[in-house]
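Report on the structure given below.
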Amino acid sequence: MKPSPLLSCELAGTCSGCPWILKLYSDQLLEKKDRFLRRLPRGGFLPNALHDFDIFPVPVDHLRDRADLVLETRLGQHTLGLWDMGRKTLLNLKACPLLTASLESWLIEFKNDLPSVAKGSIRLRVNPQSIKGVWLDFSNQDIKRLLEEGDWLERLQAKAIVEIGQKRKRLIRKEDRWALGDPVLFPWSETYFFEQSLPLFTSIGGFTQSGPQATQVLSEVFLKLLPEEVPSWLELGSGSGTFTLPLLSAGKRVNAVEMDAQALKGLLQGAAHSGISALLSTHLLDFNGKKDTLRRLFEENRGVIVDPPRSGLGNLVSFLTELIPSQRPDYFYYVSCWEDSFVSDVHGLNELGYLGTRLFGVDQFPQSPLFEILALFQKQY
Ligand SMILES: C[S@@+](CC[C@H](N)C(=O)[O-])C[C@H]1O[C@@H](n2cnc3c(N)ncnc32)[C@H](O)[C@@H]1O
């Protein structure tokens, strides 16, 4: 690959958002690939899978459709941005080469009028139709004051859809005052079945992958690894459906397990919107909690897909150990953005008789050491 130039950013080398920005992109990819392959357990994957392993690049800039920022106000001075590498100083973010052009414009517009809040978190989003959103995660005291004062929220509401607090309630007008209404799910993002886009219904504060361009590559690679012969999948941690909707579009039956009720509601809304709900069943469930339903779901599906949080599979490996081999799924499809937990879980899966047969990466976190891992394991006995 031809070395790509370094990204230009005035915070390069200091901002924790892009710890690898001073490395050439071609070197970043090589380093991720080499480090990862060295860490995998010996014999954990078929030699062919390791030989074919590659990390698919995505655009190195302008790919993020959401920005998670910290706001601090000291002596009337606002700082809105990200922490420095040492996580001690908050850096003022005037622009960011990782954001899509429309999100960068929204950041610049938002910064022109900031509220007086000692400290809070803010997520800015722009959806594929260029609709702007903001999620304000402030203390209850600050929220109460801003609702009572009203002026700043009124100006903000004129620019974007506003969501407030951990319950992600919508800012609404109630007679002559501002109030918190029920959460509303909205197509803030999208996933893909080849060229076809499938809207994902979430809250502004809800989980989505890093942006549409990366999700397009991710869904394509996801489908590439999917074994044709499995008609029905148990998906643990489905979220609002980045992988569920392409699976349903491919004619697969999916039992989606998720513990976030809002995400599950969004999944149902997204599947209905795209007219692909017929093969979908949803289960509001903690896959590390009580095992009765999970045991039944494992017995009913030959394939399991997991895209867990950073902590990895957790108790799932010991749960698999408790099942007799014939009850264990033939295929275990593991998606992960966290190398440490993935590598440790591969050891557990190997001990249970699973061998990795296909392995790819998608570099949806350029300028950082992270990437998304997609690995298919097959039961050997
Ligand atoms: C990394 S996200 C992936 C979501 C989905 N694959 C996507 O791309 O939108 C992990 C998801 O797993 C869910 N999750 C995490 N731990 C869980 C658990 N113990 N039981 C059920 N769901 C869980 C989270 O709520 C989240 O939606």
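Each value in this text was obtained by applying a stated rule to the coordinates, not by laboratory testing. Keep in mind the model is a prediction, meaning the values are calculated, not measured. Positions of Cβ are backbone-derived with ideal geometry, glycine not excepted, and every protein chain shown enters the neighbour counts.
So how far apart, in nm, are the two label points at Asp176 and Phe194 if each is 7 Å from Cα heading toward Cβ?
Those two pseudo-labels are separated by 6.0 nm.
Where in the stretch 239-259 does the label zone of Ala278 land, with the point 7 angstrom along Cα→C-beta and an amide N cut-off under 14 Å?
248-254, by backbone N distance to the label point.
Quick one: net charge around Ala278, please, counting Lys, Arg +1 and Asp, Glu -1 for every other residue with C-beta under 12 Å from its C-beta.
On the way: positive: Lys252, Arg253; negative: none.
Cβ neighbours under 12 Å give a net charge of +2.
Under the rule of -39500 (n - 2.57) per DSSP H run of 4 or more residues, summed and divided by the residues of the chain, what mean residue ellipticity at 222 nm is obtained, to the nearest 500 deg cm²/dmol? Spell out each step's value before the answer.
Values: 11 runs with 111 residues, N = 381.
Using -39500 (n - 2.57) per qualifying helix, the result is -8500 deg cm²/dmol.
What is the chain's relative contact order, in percent, from Cα pairs under 8 angstrom and six or more apart in sequence?
RCO, the chain: 17 percent.
Treating cross-link reach as a plain straight distance, find the lysines whose alpha-carbon is under 24 Å from the alpha-carbon of Lys224, omitting any fewer than eight places away in the same chain.
Lys32, Lys33, Lys252, Lys379
Given an 8 Å cut-off on Cα distances and at least 6 residues of separation, report the relative contact order of the stretch 159-283 as a percent.
Across the stretch 159-283, relative contact order equals 21 percent.
Of His273, His51, His347, which has the largest mean-square fluctuation in a 10 Å C-alpha GNM of the chain?
Checking each option, the largest mean-square fluctuation is seen for His51.
Dipole magnitude of the stretch 157-238 about its Cα centre, charges +1 at Lys/Arg Cβ and -1 at Asp/Glu Cβ only, in debye to the nearest 20?
700 debye
Just rank Asp176, Asp286, fewest to most, by other beta-carbon atoms within 10 angstrom.
The order, fewest Cβ neighbours first, is Asp176, Asp286.
Out of every Cα-Cα pair in the stretch 66-186, what percent are more than 20 Å apart? Don't skip to the end; give the middle numbers.
Details: 2999 of 7260 pairs.
It works out to 41 percent of all Cα pairs.
Counting other Cβ atoms within 10 Å, keep those with at most 15, restrict to DSSP loop, and tell me which GluC sites (Glu not before Pro) in the stretch 164-233 are left.
On the way: sites: Glu175, Glu190, Glu195, Glu220, Glu228, Glu229; in loops: Glu175, Glu195, Glu228, Glu229.
Listed in order of number, the matching sites are Glu175, Glu195, Glu228, Glu229.
Applying a 10 Å radius around every beta-carbon, put 155-163, 125-133 in order of their mean neighbour count, most first.
Per-residue Cβ counts within 10 Å, averaged per peptide and sorted highest first, yield 125-133, 155-163.
If I take every Cα pair under 8 Å that is 6 or more residues apart in the stretch 66-186, average their sequence separation and divide by the length, what percent do I get for the relative contact order?
RCO, the stretch 66-186: 19 percent.
Equivalent-ellipsoid semi-axes (√(5λ), Cα gyration tensor) for the stretch 270-381, whole Å, largest first? It would help to have the intermediate numbers written out before the result.
Values: eigenvalues 103, 88, 38 Å².
Those come to 23, 21, 14 Å.
How high is the FRET efficiency between Asp84 and Gln213 when r is their beta carbon distance and R₀ equals 35 Å, given to the nearest 0.05?
Using R0 = 35 Å, I get an efficiency of 0.80.
Restrict the search to the stretch 166-259; then list the trypsin sites (Lys or Arg not before Pro) that DSSP places in a loop and that have at most 16 other Cβ atoms within 10 Å of their Cβ.
Passing both the DSSP loop test and the Cβ count: Lys167.
Using the Kirkwood formula on the Cα atoms of the chain, what hydrodynamic radius do you get, in angstrom to one decimal?
It works out to 22.2 Å.
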